[in-house]
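The values are calculated or read from the model by the stated rules, or taken from the named source; none is laboratory data. Small disclaimer: the values here were computed from a predicted structure and weren't measured. A quick note on method: Cβ atoms are made from the backbone with ideal geometry, for glycine too, and the neighbour counts reach across all protein chains shown.
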Amino acid sequence: MTSRFPDLVPAALRRAWAADGSYPDLDLYSLYRARRTADPHRTAVIDATGKVCWTRLDVQARCLATGLAEAGIRPGDVVGVQLPNNRDAVMADLALAALGAVALPFPVGRGTREAMSLLARAEARAVIAAVEYRGRQHARELAEAAPELPALRSVVAAGRGEVPPGCLSMAELLRSDGSAFTPARPDPDEAARILVSSGSETEPKMVAYSHNALAGGRGNFLGSLLAGGEPPRCLFLVPLASAFGSNGTAAVLARHGGTLVLLDRFDPEAALDAIRRHRPTHVLGVPTMVRMMLQQLEKEGAAEEGAAEEVGSGLTALVLGGSPLDASTAAEARRAFGCRVVNLYGSADGVNCHTGHGGEAATADGPGIAVGRPDPAVASIRITPFQGPGPGAAASDPGADAAPGEVGEILALGPMTPMCYVGTPELNVRYRTRDGWVRTGDLGVLDADGGLRVVGRLKEIVIRGGANISPAEVEGELSTHPDLRDVMCVGVPDPLMGEVLAACVVPRPGRVPTLQDLCAHLERRGLDRCKHPERLLVVTDRLPLTPAGKPDRAALRRRLAAADPAQQPG
């Protein structure tokens, strides 16, 4: 076992999951090679430069692995990867898996200071970064900062443009002779990848995943959404470097032998064009992205029910996670794309539940948002009374489960569960129980039939004068307002109440929502007045997204701070 990454899940559980078939019990590169041998000419990746087949991608991955080995990368070394969604990112995934190294991907667009923090905490030996991406020169910036990272040996520059001083060239590494390369055969329970959260810690959490947890647990999640066992053709609107995007190389390619369709950045027009041209079976994104695509279809006059065949022919499902999916967006997307819309609840911490497993979400009323029934082949779910995040509480047995219908903290454990947190051992104390369960920091409830409803995230709770407000609850009610295309609620400081709730909304064309109108709508919906928003920010185009593809709450708070403070309820 990789000593730097202790596995906090009991070894007997890992072996039981291998025995019952929940794990393939092979390392990622061996899985990929088996798929490549079975169907060598299948298309592996479609990106902005065209198509690449499984055999060609494998040859390139072996050459890159050879070059990285000659540059000093060894099994167990951590290697950062900051690349856009393209074949280079997939190639890097496979090359590092073949070396037995540990990939640390993080999205392009993240600043140098944050990238340096990730690399330092993970003690990364190398980083592969883009020469240029939308005006940012990531490779140059990281090479200039490298002296501050004593563990870092190499910066590899990828993509078009001049290789910055102090960097190795990925193009040169790809000219290495990979014909004699011998892949490592790491234990499938050893670390393969470090996922970076986009959560609410001061610094993003880093979570170590084994080969089995990626190809097995996350692979089982994707497998439950496949129709008839056919290899999937997945369009990723989120970065492959995000936690959601980690399903790309490991699950789509290595586990299920499918095809990745990639956009180097999200744009609603480009996404719709990719759906029409490449006919994916699955589209993976966040609800905000789908709302932008629906808005674009409205502009094109193609959002009516009769246009679904033209837009979404061949689509099996839209798989949407990262933020709550409201019923109106789901219904509109089903009409426009003519396919199932899967509401996914998941995180880098190893929690997963979705409405595609066992049918659509329950329609019964209840708190929060229905996200389906937990799949033990991915992650079992418990609800326990919240004990607080203090040291010792998380390390102890969380006690008896909450009663059906009782709101409490969501805990998860299953084949998808990660090994440990990286660079911050105190998080292992705070968020892991002694028997391996992950404390998510999310509030939820299990109904009598075992369905999970997510009520909100503890760290996003707004405390107004001592009263707790769940932004997710208010967003769900506001999403039913006919004037709104998109909505996000955040807490903002208030000198009297401590915090108040602000609604950030994208109106439908020609609509001009007011705070009074929104509050009247919430009143009609029966929401307590103490939960009504007290600030309004109208966003004329679209809600901002983080580099990981999620709605950017911090950016919205900055906009609110700069906005006219006179926006108060009448």
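Listed values, structure above:
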read-out	value
Exclusive hit being out of contact with any helix residue (DSSP H, G or I) (no Cβ under 6 Å at 6 or more places or on another chain) and under 17 Å from Gly100 (Cα atoms), set Arg33, Arg56	Arg33
Qualifying positions in segment 55-65 - surrounded by fewer than 23 Cβ atoms within 10 Å (Cβ to Cβ) and within 25 Å of the chain's Cα centre (by Cα)	Leu57
Condition met for Gly388 (loosely packed, with under 14 Cβ neighbours inside 10 Å and modelled with pLDDT under 85)	yes
Count of residues meeting criterion [over 22 Å from Tyr421 (Cβ atoms) and outside any strand (DSSP E or B)] in segment 435-449	3
Options Thr424, Thr417; residue that is buried (at least 21 other Cβ atoms within 10 Å of the Cβ), touching a residue at least 12 places away in the same chain (Cβ under 8 Å) and either farther than 21 Å from Ala370 by Cα or not hydroxyl-bearing (Ser, Thr, Tyr) (or both)	Thr417
Hey, Ala192 of a type outside the set (Lys, Arg), over 25 Å from Gln60 (Cα atoms) and not assigned by TED's automatic domain parsing to the domain that holds Arg134 or not	no
Residue check for Ala146: without any contact (Cβ under 8 Å) to a residue 60 or more places away in the chain, more than 28 Å from Ala48 (Cβ to Cβ), in contact with a strand residue (DSSP E or B) (Cβ under 8 Å, 6 or more places away or on another chain) and not in a loop (DSSP other than H, G, I, E, B)	yes
Listing of strands (runs of 3 or more DSSP E) fully contained in segment 42-133 that carry 1 or more residues being in contact with a strand residue (DSSP E or B) (Cβ under 8 Å, 6 or more places away or on another chain), without any contact (Cβ under 8 Å) to a residue 40 or more places away in the chain and not acidic (Asp, Glu)	50-53
Residue satisfying all of: in segment 468-495; touching a residue at least 12 places away in the same chain (Cβ under 8 Å), surrounded by fewer than 17 Cβ atoms within 10 Å (Cβ to Cβ) and not acidic (Asp, Glu); farthest from Ala554 (Cα to Cα) among these	Pro482
Top-ranked residue in segment 286-304 [being touching a strand residue (DSSP E or B) at 6+ places or on another chain (Cβ under 7 Å) and under 16 Å from Val342 (Cα atoms); ranked as modelled with the lowest pLDDT]	Thr288
Ala180, sole failed condition from (1) at pLDDT 95 or above; (2) under 19 Å from Leu94 (Cβ atoms)	(1)
Odd one out for Leu560, checked against (1) out of contact with any strand residue (DSSP E or B) (no Cβ under 9 Å at 6 or more places or on another chain); (2) outside any loop (DSSP other than H, G, I, E, B); (3) more than 26 Å from Arg453 (Cα to Cα)	(1)
Lone qualifier among Ala192, Ala171 - being crowded, with 20+ Cβ neighbours inside 10 Å, small (Gly, Ala, Ser), modelled with pLDDT of 95 or more and not in a loop (DSSP other than H, G, I, E, B)	Ala192
Long-range neighbours under 8 Å by Cβ, at least six apart or interchain, first residue in contact (Cβ under 8 Å) with a residue 40 or more places away in the chain within segment 520-546, second of a type in the set (Asp, Glu) and part of a loop (DSSP other than H, G, I, E, B)	Leu543/Asp552; Leu545/Asp552; Thr546/Asp552
Residue match in segment 197-214 (condition: without any contact (Cβ under 8 Å) to a residue 40 or more places away in the chain, surrounded by fewer than 24 Cβ atoms within 10 Å (Cβ to Cβ) and under 22 Å from Ser22 (Cβ atoms))	no
Failed item in (1) under 26 Å from the mean Cα position of the chain (by Cα); (2) buried (at least 24 other Cβ atoms within 10 Å of the Cβ), with Glu141 passing the rest	(2)
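Okay, residues lined up against (1) in contact with a helix residue (DSSP H, G or I) (Cβ under 8 Å, 6 or more places away or on another chain); (2) at pLDDT 95 or above; (3) not assigned by TED's automatic domain parsing to the domain that holds Leu240:
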| site | (1), (2), (3) |
| --- | --- |
| Asp88 | yes, yes, yes |
| Gly100 | no, yes, yes |
| Pro105 | yes, yes, yes |
| Ser117 | no, no, yes |
| Arg140 | no, yes, yes |
| Ala145 | yes, no, yes |
| Pro150 | no, no, yes |
| Ser154 | no, yes, yes |
